[in-house]
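Here the structure comes first, spelled out in structure tokens, and everything after it is commentary.
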Amino acid sequence: MKMSKMYFRTLRDDPADAVIPSHKLLIRAGFIRKEAAGLYAYMQPGWRSLRKLTRIIREEMDASGAQEINVSAIAPAELWEDSGRWNQYGPELWRIRDRHGRDFCLGPTHEETFTDIVRNDVSSYKQLPFFLYQIQNKYRDEDRPRFGLLRSREFLMKDCYSFDRDEEGLDRSYQIMYDAYTRIFTRAGLDFRPVEADTGAIGGSNSHEFTAFSEVGESDIVYCPDCGMAATSERAAFADAPAQDEEERPLEKKLTPGTKTIDEVADFLKLPKEKTIKALLFVTYDEETLEENGYVAAFVRGDRDVNMIKLVNALHIPEHCIDFADEAAMSAATGCVGGFTGPKGLHDCTIVVDSELPGQKNLCAGACETDHHYINMNYGRDYTGDIVTDIKLLREGDPCPVCGRPIRQTRGIEVGQVFKLGTKYSASMGAYYADENQKNQLVVMGCYGIGVSRTLAAIVEQHHDENGIIWPVAVAPYHVIITVMKPKDEVQMEKADALAEELTRAGVEVLVDDRAERPGVKFKDADLMGIPVRITVGRRAGEGVVEYKLRREEEKEELTIEQAARAAIDLVRKEGDGRYLLEK
Ligand code: ATP
Ligand code: MG
């Protein structure tokens, strides 16, 4: 490809709305272009890279025995009503209506559609197990689309579904996909880790997120360097502090003027924060009407934080059906008092008490009265909870739920997730097969997603420097860029063309920068675009000598044209499909 003919443009400046490297660089390097919030066009090099990533995914899915199909991106509301998710999914579901007034959604994921296909086609156990998958755009009307391809409203996803006779079959299918994902992300050049995850709006019992390490990621993960435990912090269990066998002292109400925070009250009463109870107040909404339907007060030890996912799981409501309460409104309804709320004295709200509090003695909590706290609060005697369960958020240094040693916390980008769905969808939507004894059984399902476009951005997050992207060879839009110093010089142009031809014949993908630009501009663009090999054809072209440089290394070397061609061909043979990384 001659760059003088290529439809593309690099930008000198970062786009105003971009704050993270992948967003800035993909736009500046001319790979993507913004159309509207969370909607992007892939320009020529961006589309090439995305296709390469797609190829890796397709190869690994096919090798795992999965069969590719392609369903409509649009799904009728009835299917989503069958599964119960039409309301449950919340405002992220992109609803549309046809001219006859019938409701549809743009698929954010396709469990319903695939279950529908299978419930209509599968009758006998002999047809099971199998995997179906597709690679298709998904639509989610994200609250805050941001970070370019990392959180967009239209994004490319590979979604796969497994259909088994029983749980043992599902375990095998899950493992097959888990292994395929490990190979896919390895070949894509990512530094990642599978971590135990919450099952979220998809539902089901068991799940892992594949998380690419990155400071800009929105997944909080905790892991234990000692025992290997790794989980999202949403999911990670929290071992309760050991119960105390202190004697219960008499309850006392104390005047604590102006002490609205845990720090202030602990300071004022000279108590350690572990001896206090922290209150968090929420309002909940009806799944269907989205109208307010109640209040929740959640209590944890003063030095802890509430984990919102654990809280919504405890309440059995979707994530979008809860929000922080307006204190004035909640105060009138429940008797809470902003800054002085405790579990004693509340009414007309659901009280959720963290599982560790009942074992902790003589605690201090708000008295539901301005400027007052109780001390010596004890569970059972002075307060109770409607729900008592683990709602704590795990943080750096807290004890590992498996081995008790301090855990580490880090951030990552969720690039894929695998779920054991079990019979959630087959039961709600009626997908059965007849077993050996002609008895009807529910199909047991798993689902497996990869955010393809998000993965592309994650690769950029892990592979760039201040000058631009440094693509791993397997996902680079082109392998080699031949920079011609003076395109008007016939010898230089001839040598460059001949080299490009030779490389192309050997399966190497070549860009020839023959633009009438200054060399500095060309080098900058080559770096920005992240092409793995740069071969510069300049003043020594006549002698058959060129400059050879890898984007990922500093050194340049002068090589004969033959040597340069050999080196590039060898590099692409070795690294071209990323498989060499599997052996590392
Ligand atoms: P998140 O927690 O980041 O919102 P999710 O858990 O809702 O993601 P899944 O339903 O598991 O996402 O979707 C499968 C994959 O699709 C995710 O692992 C992720 O890589 C990708 N993905 C999800 N939402 C987006 C988005 N808005 N933009 C780009 N990719 C996305
Ligand atoms: Mg997910």
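A few points about this structure:
- Listed by position, the strands (runs of 3 or more DSSP E) contained in segment 418-467 that have at least 3 residues being within 13 Å of ligand 1 (Cβ to nearest atom) are 444-451.
- Annotation for segment 565-582: at least one member residue is open to solvent by 40 Å² or more (accessible area, probe 1.4 Å) and of a type in the set (A, V, I, L, M, F, W, C).
- Scanning segment 162-182 for residues that are open to solvent by 20 Å² or more (accessible area, probe 1.4 Å) and over 18 Å from the mean Cα position of the chain (by Cα) yields a count of 9.
- For ILE96: the one exception among (1) on the phi < 0 side of the Ramachandran plot; (2) open to solvent by less than 50 Å² (accessible area, probe 1.4 Å): (2)
- Matching residues, segment 127-146, being within 16 Å of ligand 2 (Cβ to nearest atom) and either outside the structural domain of ALA75 (by TED's automatic domain parsing) or not in a loop (DSSP other than H, G, I, E, B) (or both): LYS138, TYR139
- Of the residues making up segment 460-470, those that are open to solvent by 10 Å² or more (accessible area, probe 1.4 Å) and in contact (Cβ under 8 Å) with a residue 12 or more places away in the chain are GLU461, GLN462, HIS463, HIS464, ASN467, ILE470.
- The lone exception for MET377 - which of (1) closer than 20 Å to LYS260 by Cα; (2) open to solvent by less than 30 Å² (accessible area, probe 1.4 Å); (3) free of Cβ contacts under 8 Å to residues at least 60 places away in the same chain it fails: (3)
- Cross-chain or 6+ apart pairs with Cβ under 9 Å, segment 1-18 first and outside the structural domain of ASP527 (by TED's automatic domain parsing), then part of a loop (DSSP other than H, G, I, E, B) and open to solvent by 90 Å² or more (accessible area, probe 1.4 Å): SER4/ALA516
- For VAL415: the one exception among (1) of a type in the set (A, V, I, L, M); (2) away from ligand 1 (no atom under 16 Å from the Cβ); (3) part of a strand (DSSP E or B): (2)
- Exclusive hit being more than 30 Å from MET157 (Cβ to Cβ), modelled with pLDDT under 95 and over 24 Å from the mean Cα position of the chain (by Cα), set PRO401, PRO406: PRO406
- With respect to (1) assigned by TED's automatic domain parsing to the domain that holds LYS24; (2) surrounded by fewer than 24 Cβ atoms within 10 Å (Cβ to Cβ); (3) under 29 Å from VAL512 (Cβ atoms), the lone exception for ALA457 is condition (2).
- Here SER233 clears all of (1) modelled with pLDDT of 90 or more; (2) open to solvent by less than 20 Å² (accessible area, probe 1.4 Å) except the condition numbered (1).
- Residue in segment 429-447 that is without any contact (Cβ under 8 Å) to a residue 24 or more places away in the chain, in contact with a Leu (Cβ under 6 Å, 6 or more places away or on another chain) and in the same structural domain as ARG165 (by TED's automatic domain parsing) present: no
- The single residue among ALA298, ALA328 that is open to solvent by 30 Å² or more (accessible area, probe 1.4 Å) and on the phi < 0 side of the Ramachandran plot turns out to be ALA328.
- Taking segment 1-120 and the strands (runs of 3 or more DSSP E) fully enclosed by it, the elements with 3 or more residues that are over 26 Å from ILE176 (Cβ atoms) and under 24 Å from the mean Cα position of the chain (by Cα) are at 32-36, 39-42.
- GLU264 being acidic (Asp, Glu), surrounded by 15 or more Cβ atoms within 10 Å (Cβ to Cβ) and assigned by TED's automatic domain parsing to the domain that holds GLU327: no
The values are calculated or read from the model by the stated rules, or taken from the named source; none is laboratory data. Remember, it's a predicted structure, so these values are computed and weren't measured experimentally. All Cβ positions, glycine included, derive from the backbone under ideal geometry; neighbour counts span all protein chains shown. For accessibility, only protein heavy atoms count, side chains too; no ligands or nucleic acids. Shrake-Rupley method; radii C 1.70, N 1.55, O 1.52, S 1.80 Å.
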